[in-house]
Amino acid sequence: MREVRLKAIGYVEEGLPQEGRGAGRRGLVSTVRIFDEYADGLLGLEEYSHVFIIWYMDRVERFELRVRPRRLQDAPEVGIFATRFPPRPNPIGLTVAEIVAVEPPRLRVRNLDAWTGSPVLDIKPYDVLDVVPSPRMPEWLRRLLNIDQ
């Protein structure tokens, strides 16, 4: 298998505290600082309302192939790829975030679940091709997110 190498294009200047959980992101405005050599890549991004932010969960020290969803004692054990939990073989985070402001070299977004200091690997615009109306999800996740059946 070929080795994969990625380099950060910036970092989360203001985000969740290290001990914070992704569920606490609702309404949180975060700042992503893009390195100067990549700041021109933000040109035109203000035309969009949302972006995908791909970031590296640099504080994850282990991985598990099976997990039990937190806070739900009666939830089934599931494979890590059936969750968005951090202890992954490749701890890469993917978040759809609302753009608050594009102020090169900074991008301010709402609902990013990345920790302060986390490396940012890429930013991509979110558009109508990315919308999935009424996605199917397991009952335990609906309970965890307090979503009506």
Completion exercise
Here, residue 52 and residue 127, labelled 7 Å along Cα→Cβ, have an inter-label distance in nm of 1.3
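Treat every Asp and Glu Cβ in the chain as -1 and every Lys and Arg Cβ as +1, leave all other atoms uncharged, and give the resulting dipole magnitude about the Cα centre to the nearest 20 debye.
On the way: 22 positive and 22 negative charges, 145 e Å.
With Lys and Arg at +1 and Asp and Glu at -1, about 700 debye.
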Completion exercise
If R0 = 30 Å, then residue 145 and residue 45, at their Cβ-Cβ distance, give a FRET efficiency to the nearest 0.05 of 0.60
Exercise for the section: Show that you can apply the helix-only estimate: for the chain, add -39,500 (n - 2.57) for every DSSP H stretch of four or more residues, divide by all residues, and state [θ] at 222 nm to the nearest 500. Expected result: -1000 deg cm²/dmol
Fill in the blank from the handout: Quick calc: nm separation of the 7 Å Cα→Cβ label points for residue 136 and residue 96 -> 1.9
Problem - Estimated vicinal HN-Hα couplings, Hz - the stretch 89-100 in sequence order (Karplus 6.51, -1.76, 1.60; Gly, Pro = x) - result: x, 10, x, 9, x, 9, 9, 8, 10, 7, 6, 9
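Within the accessible area of the chain, what % is carbon and sulfur when the probe is 1.4 Å and the other protein chains stay in place? Walk me through the intermediate numbers first.
Details: 5080 of 9980 Å².
Its accessible area is 51 percent carbon and sulfur atoms.
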Handout entry: Cβ-based charge dipole, the chain, positive-most Cα from 133, 32, 79
Key = 79
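Mind checking the full-extension length gain between residue 35 and residue 62? Use 0.36 nm per residue of separation minus the Cα-Cα distance, one decimal, nm. It would help to have the intermediate numbers written out before the result.
On the way: separation 27, 0.36 × 27 = 9.72 nm, distance 2.84 nm.
Here the answer is 6.9 nm.
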Practice task
Grab the Cα-Cα distance for residue 72 and residue 1, subtract it from 0.36 nm times how many residues apart they are, and report the gain in nm with one decimal.
Solution key: 21.8 nm
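Compute the accessible area per residue over the chain, keeping the other protein chains in place, probe 1.4 Å, unit Å².
Values: 9980 Å² over 149 residues.
Ligands and nucleic acids excluded, the result is 67 Å² per residue.
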Handout entry: Cut-off under 5 Å, modelled amide H: who pairs with residue 121 long-range
Key = 9, 54, 55, 56
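The values are calculated or read from the model by the stated rules, or taken from the named source; none is laboratory data. These numbers were taken from a predicted model, which means no experiment stands behind them. Don't worry about glycine lacking a Cβ; one is built from the backbone with ideal geometry, like all the others, and counts go over all protein chains shown. These area figures cover heavy atoms from the full protein model, side chains too; ligands, DNA and RNA do not enter into them. Shrake-Rupley method; radii C 1.70, N 1.55, O 1.52, S 1.80 Å.
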